[in-house]
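Engineer: Okay, handing you the structure first.
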Amino acid sequence: MKISPFVYLLLLCFQYQIRPEHQLEVKITGAKNFTGTVRLCLVDDKPENYLIGCDQAFTKKVTGSTTIIPIKNLPSGSYCIYVYQDVDNDGKMNNDGLFGLPSEPYGFSNNPSTLFGPPKQKKCLFEINSNQTIEIKLK
């Protein structure tokens with residue numbers, strides 16, 4: 001039995017649910033100096049991924065107090081972003097500040113307080129269901 005290309009395509013579409021994709025523009029503000037690279041980590045809403053790794057990682061050279069990173073083809077869902085300014089371009093966040101605090105500027109989506117350590121994931125989660133822009137302020 002021969003399957004027509006049209007029927008085959010329909011079967012593929014049902015096998016892989018098509019989810020709408022959106023563009024997210026991340027506006028990172030508050031760079032203290034205009035050196036280094038902004039490193040951004042995007043993770044989904046699974047708790048085991050938070051602060052462990054990245055689903056998607058992005059970098060952009062710092063050229064001013066504001067850096068914009070576009071993220072394309074992002075499916076609808078809940079996400080969390082953490083970002084830091086790698087001032088010395090060593091590829092890691094330096095934690096040699098007072099009491100082991102980061103010595104390089106950093107931030108999280110929704111700009112939660114970091115006074116007592118990294119925020120809980122639920123404070124950083126945001127929904128994306130359409131194209132949008134979010135702002136993350138470096139601390």
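Engineer: Is it the case, given these coordinates, that residue 95 is farther than 17 Å from residue 137 by Cβ, loosely packed, with under 14 Cβ neighbours inside 10 Å, touching a residue at least 24 places away in the same chain (Cβ under 8 Å) and polar (S, T, N, Q)?
Structural biologist: no
Engineer: OK, next. Select, from 137, 122, 60, the only residue that is without any contact (Cβ under 8 Å) to a residue 60 or more places away in the chain, exposed (fewer than 14 other Cβ atoms within 10 Å of the Cβ), out of contact with any His (no Cβ under 8 Å at 6 or more places or on another chain) and within 30 Å of residue 20 (Cα to Cα).
Structural biologist: Sole residue among the options that is without any contact (Cβ under 8 Å) to a residue 60 or more places away in the chain, exposed (fewer than 14 other Cβ atoms within 10 Å of the Cβ), out of contact with any His (no Cβ under 8 Å at 6 or more places or on another chain) and within 30 Å of residue 20 (Cα to Cα): 122.
Engineer: Can you name the residue in the range 1-44 that is farther than 25 Å from residue 74 by Cα and in contact with a strand residue (DSSP E or B) (Cβ under 8 Å, 6 or more places away or on another chain) and, of all such residues, is modelled with the lowest pLDDT?
Structural biologist: 32
Engineer: Quick one: in the range 98-115, of everything that is among the aromatic types (Phe, Trp, Tyr) and under 16 Å from residue 41 (Cβ atoms), which residue is surrounded by the fewest Cβ atoms within 10 Å (Cβ to Cβ)?
Structural biologist: Looking at residues that are among the aromatic types (Phe, Trp, Tyr) and under 16 Å from residue 41 (Cβ atoms), I get 106.
Engineer: I would also like to ask the following. Quickly run through the range 100-135 and pick out the residues that are under 18 Å from residue 29 (Cα atoms), assigned to a loop (DSSP other than H, G, I, E, B) and among the small types (Gly, Ala, Ser).
Structural biologist: 103, 109, 113
The values are calculated or read from the model by the stated rules, or taken from the named source; none is laboratory data. Here the structure is a predicted model, which is why all the values come from computation and not from measurement. Glycine gets a Cβ as well: all are built from the backbone with ideal geometry, and neighbour counts include every protein chain shown.
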